[in-house]
Amino acid sequence: EITDRFWLQRIEANRRTTIRANLAQCEATGRIQNFAVTAGLVQGKHEGYLYNDSDVYKVLEGVAYTLASEGDPALEREADRIIALIAAAQGDDGYLNTYWTLVEPGKRFSNMAHGHELYCAGHLIEAGIAYAQATGKTTLLEVGRRFADYIGGVFGPDKRLDPCGHQELELALQKLARHTGEARYADLAEFFLRERGDPRRENRYGAYSQDDVPILAQREVNGHAVRAMYMYCAMADVARAGAGPEWLE
């Protein structure tokens, strides 16, 4: 709880203005509509970039943090409306991505370096956890968990070995493991981290994506800053969970 007068003003401005402006932008740019189109609830086509789903998830995570500090029935109703669209857009197998479903169907995970599917999944999972913690409502959490289970059926030590092109899923899976008590999510997160920079993979993404040398052999900060910080946070989570001492070196 934050009681400082300066920060309380900023938190209130965020609740009353910033988050609502973010939601309005997600609506105006078609980011929210993409889920309705994917679900078959309205006619249309995908709008915007292939990573646009993640922006909706990020705003919903912000809504959750806001609701955790102060109730706002109107804001919660709007979040619930959007969450219902997201849930409706999820495939029967658990897969969820509006761009790859509407624009390039049949090509899931065909562009691991730049496709952002696992990146979007990570933000979905984080939003679902935050919203469940703030409101007790688990619809978004279950959507994220189903997607995580689908990903776990595709990737793994005895399955597909490609890591995320843009890190984020790794730390989200760690959060999911802590929230649910299911170790398999933490194991999947560590798998994705260990695959990064593995020389046995011929098509690595390079230093820009911290995928040029094995992750535990990296001694310099290189490449895209956002990717790097997501990765370091996930590595810290692995170390915190009690992995071997090599994660602390």
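Quick note: the coordinates plus some simple rules give every number you see, no bench work behind them. For clarity, every value in this text was computed on a predicted model and none was experimentally measured. Positions of Cβ are generated from backbone atoms using ideal geometry, with glycine treated the same way; all protein chains shown enter the neighbour counts.
What the table shows:
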| quantity | calculated |
| --- | --- |
| Spin-label proximity, Tyr65 to region 111-146 - amide N less than 15 Å from point 7 Å beyond Cα toward beta carbon | 123-124, 126-134 |
| Stretch gain in nm, segment Arg77-Thr18, where the contour uses 0.36 nm per residue and the Cα spacing is subtracted | 19.5 nm |
| For region 85-213, radius of gyration divided by Kirkwood radius, i.e. Rg to Rh on alpha-carbons | 0.97 |
| Test item: Cα-centred dipole of region 112-249, Lys/Arg +1 and Asp/Glu -1 on Cβ, debye | 260 debye |
| Neighbour net charge for Trp247 - beta-carbon separation under 10 angstrom, K R +1, D E -1 | -3 |
| For region 105-149, alpha-carbon Rg relative to the globular expectation (2.2 N^0.38 Å, N residues) | 1.32 |
| Cα centroid of region 188-246 to Cα centroid of region 126-186, whole Å | 18 Å |
| In sequence order, calculated HN-Hα J values of region 201-214 (Karplus, 6.51, -1.76, 1.60; Hz; x Gly/Pro) | 8, 6, 9, 7, 8, x, 5, 4, 9, 6, 10, 9, 9, x |
| Normalised contact order of region 1-89, rounded percent, pairs of Cα under 8 Å and 6 or more residues apart | 34 percent |
| Share of alpha-carbon pairs per 5 Å distance bin for the chain, given as whole % | 1, 6, 13, 17, 18, 16, 13, 9, 5, 1, 0 |
| Radius 11 Å from Cβ of Tyr95, net charge of other residues (Lys, Arg +1; Asp, Glu -1) | -2 |
| Label point distance in nm, Leu248-Asp4, each placed 7 Å from Cα along Cα→Cβ | 3.1 nm |
| Restricting region 206-249 to trypsin sites (Lys or Arg not before Pro) in coil, as DSSP defines it, with at most 16 other Cβ within 10 Å | Arg219 |
| Peptides ranked, highest mean first, by Cβ atoms within 10 Å: ranges 85-93, 111-119, 3-11 | 111-119, 85-93, 3-11 |
| Highest average packing first - 230-239, 198-207, Cβ atoms within 10 Å | 230-239, 198-207 |
| Cα convex hull of region 201-249, projected area averaged across orientations, nm² | 3.5 nm² |
